[in-house]
1. Explain nothing, just compute: Karplus ³J(HN,Hα) = 6.51 cos²θ - 1.76 cosθ + 1.60, θ = phi - 60°, for every residue of the stretch 366-383 in order, whole Hz, x for Gly and Pro.
2. How would ILE291, ILE144 rank on accessible area, largest to smallest, probe 1.4 Å?
3. Starting from the 7 Å offset along Cα-to-Cβ, what nm value, one decimal, do you get for the label separation of TRP42 and SER414?
4. Express the C-alpha Rg of the stretch 1-154 as a ratio against the empirical globular expectation 2.2 N^0.38 Å, rounded to two decimals.
5. In square nanometres and to one decimal, what's the mean projected area of the convex hull around the Cα atoms of the stretch 275-414?
6. Dipole size in debye (nearest 20) for the chain around its Cα centre, Lys and Arg Cβ +1, Asp and Glu Cβ -1?
7. Report, to the nearest 10°, how far helix 23-36 tilts away from the longest principal axis of the Cα atoms in the chain, using its own Cα long axis and a range of 0 to 90°.
8. Calculate the FRET efficiency for ALA88 and VAL164 from the Cβ-Cβ distance with a Förster distance of 30 Å, rounded to the nearest 0.05.
Amino acid sequence: MSSAPRRWRPGPGLLVTAAFIGPGTLTTASLAGAQHGLQLWWALIASLIATLVLQDMALRVGLGLRSGLSEAVRQSPVPALLKTGLLALIVVAVGIGNAAYQSGNLLGAQLGFSGLLPGSSTQTLLALSALASVLLWSGSYRLIQTALVVLVAIMGALFLYAAVRLLPGLTTLTTAPAAHPDTLLAPAAGDTPTGAIVSVMALIGTTVVPYNLFLHAQTVQVSWSETDSRALRQARWDSVFAIALGGAITFAIMVTATAAFFGRAESPNAATLATQLQPLLGPWAQWVFSIGLFAAGLTSAITAPLAAAWAVCGACGWSTELTSLPFRGVWLAVLTAGTGVAVLQTTPVQAIVLAQVANATLLPAIAGILLWLCNQPSLLGEFRNTTLANCLGGLVIAFVTLLAGYRLIQIALS
């Protein structure tokens, strides 16, 4: 007798949403909307398709092999020197990289909180760091997942509410040329093709996030203990829903920035976005965007150390159990480093540059490994790639390789 169908409940895909909708995405999407209106919608769609293809391969590796991506690399029959290089790249890109970026997550959450309740920024940062520590130290995946799902729901509801309120009014940009000489489909005043390219690459770069692949491959094993076609089908629907929700939130942020800043000389930032939207949303604008920014920062501040711990422990051959000492040591180091940088208000330039180089290199490498693993019948069986999946995977690898090359050139010239 077959077991009863599993009732749908929020799955690990929402952790992916929580991870890539952070202060960086909010800033990037706001700049895209302010400078280009909604004309870069196609870049968001392209990045979501690439994310969906990569996350689908990652979840199938997690379900089929019952291991994380780092462990899959360790077990793969590649030359020892290449394997060592890939594992070191994972440690640098995901471990050190997440530590370098963690301060931005905490500062985003602190900025959102300060819009609700004024107080000492240092005390707020320490309190937020302590909250993330308590959740992670609990060792309860269900508790962590529930907290993140609630935060994602709040964040999504607020930003989507703002977009629904504002989107109809954006038609005035095309019907009132005297007041708004630019249209949604034309570049902002003074914009250049180079500026548009930078915005496109930034928008894609904040959506296609390497550490989400490690996060997803690990968490599907917790949500689905069975390895069969039904589990795969449920995991895929969960992934599609979560990535679509993340894309909708990103588009909603672009809509709000378009309404507030498009065609104006003023540049957007999190502190002024709510103020500019008060005439359109009323007195609730401050609450909507302060709570949304707080949720975006806190979700990323939790998922970044979590993903780093799974990736680094797997790469080093340590236990990936949530309650193990090495696992706790890694996420605590990431969280502590980010908190220290945020409190001291310093910028670890060298660490950030190193992380950017490592992440740009890691993404096409991991994408290639995923494609290879998903074409091994002896490893994945019914979870292996179809011809269509291989075609899409090949296109995505070419896509992320071009993105990586562009980012590396940017870093070299900066």
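The values are calculated or read from the model by the stated rules, or taken from the named source; none is laboratory data. What you are looking at is a predicted structure, and each value in this text was computed from that prediction instead of being measured. Cβ coordinates were reconstructed from backbone atoms using ideal geometry, including for glycine residues, and neighbour counts include every protein chain displayed. Only protein heavy atoms, including side chains, enter the accessible area calculation; ligands, DNA and RNA are left aside. Shrake-Rupley method; radii C 1.70, N 1.55, O 1.52, S 1.80 Å.
1. Result, ordered by residue: 5, 4, x, 5, 4, 5, 5, 4, 6, 10, 10, x, 5, 9, 10, x, 5, 8 Hz.
2. ILE291, ILE144
3. Placing both labels 7 Å along Cα→Cβ, they lie 2.7 nm apart.
4. 1.29
5. 13.6
6. The dipole of the chain has a size of about 620 debye.
7. Between the helix axis and the principal axis of the chain, the angle is about 50 degrees.
8. On the way: r = 46 Å, r/R0 = 1.55.
Here the calculated transfer efficiency is 0.05.
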